[in-house]
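Structure first, commentary second.
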Amino acid sequence: MSGLRLPGRLRALACVLALTAGALTTAGMSGTAMAAAAGPLAAAPEIGVQFNADGDAGQCGGTTGQQWAASPDWTQAIRFDTDNRAGGCQLAFGVYDPDGTLAGTSITYTFLPSTGGDAGQCGNYQGTYGMPIQTFRTFGQAVRVDTDNRSGWCDLTFTVSGRSDVGLDVQFYPDGDAGQCVNYLPQGQYRTAYAGNPVTVGIDTDGRSGGCQFLLRIRRF
């Protein structure tokens with residue numbers, strides 16, 4: 001068999017096949033080596049919202065309970081529609097950052113009555129709270145929305161600091177009487193809180209028609 005000589009065309013074909021197989025093997029090895037060198041991709045950070053009724057549940061609509069949205073996705077909408085019915089809505093926030101992608105970032109949320117407004121609409125936990133950025137899912141201090149036909153409203157302000165490449169996007173829009181949603185933008189538009197640029201929305205829902213829809217998204221620029 002070793003003395004058998006292939007015709008010219010067969011010898012050429014065999015050579016081409018051998019070269020192709022070698023190229024594929026080399027490419028496969030290179031791709032594997034590159035993937036190993038790059039390592040696994042970092043897990044995307046997630047923004048969390050906790051939203052629960054403590055009275056008439058019809059005042060706290062949309063996605064209730066706990067939810068988490070991985071960057072760059074939006075959370076599902078929650079809906080404020082508090083009025084003179086019993087109870088209000090408990091609201092808290094957190095960030096899940098398992099791989100430290102947001103290291104050095106600080107995010108706070110401030111919940112205060114509007115100037116001259118009736119503070120009773122904004123619960124007992126008024127002030128500024130850190131939005132925890134942790135390697136496990138957890139939430140900061142809950143605030144309480146209980147606006148109705150009393151004077152004024154509750155301002156919710158988000159502040160980002162520590163890094164210039166991290167933003168918190170805020171959608172806030174009415175699905176009825178727009179006067180209930182202070183500083184709103186049309187559905188699909190948003191404001192971004194980033195270092196040096198806080199974002200405030202005002203919740204003033206009462207007996208007027210409709211309520212206010214609210215969504216968040218965290219991302220790096």
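Just so you know, all these numbers are worked out from the coordinates, no wet-lab data involved. From a predicted model like this one, the values you see are computed outputs, not experimental measurements. Methodologically, a virtual Cβ is constructed for each residue, glycine included, from the backbone with ideal geometry; neighbour enumeration extends over all protein chains shown.
Along each principal axis, taking the top coordinate minus the bottom one, the Cα set of region 58-214 gives 45, 30, 29 Å in descending order. Pairwise inverse Cα distances across region 149-188, averaged and inverted, put the Kirkwood hydrodynamic radius at 12.6 Å.
Counting every pair of alpha carbons in region 114-205, the share spaced more than 21 Å apart comes to 41 percent. Peptide packing for 83-96, 105-118 was compared via the average number of neighbouring C-beta atoms within 10 Å per residue; ordered from the highest value, the list is 83-96, 105-118. Computed from phi, the 3J(HN,Hα) profile of region 135-147 under the Karplus parametrisation 6.51, -1.76, 1.60 (θ = phi - 60°) reads 8, 9, 7, 8, 10, x, 4, 6, 10, 10, 9, 9, 5 Hz, with x in place of Gly and Pro.
Among beta bridges identified by DSSP and lying wholly in region 75-170, the antiparallel ones come to about 90 percent.
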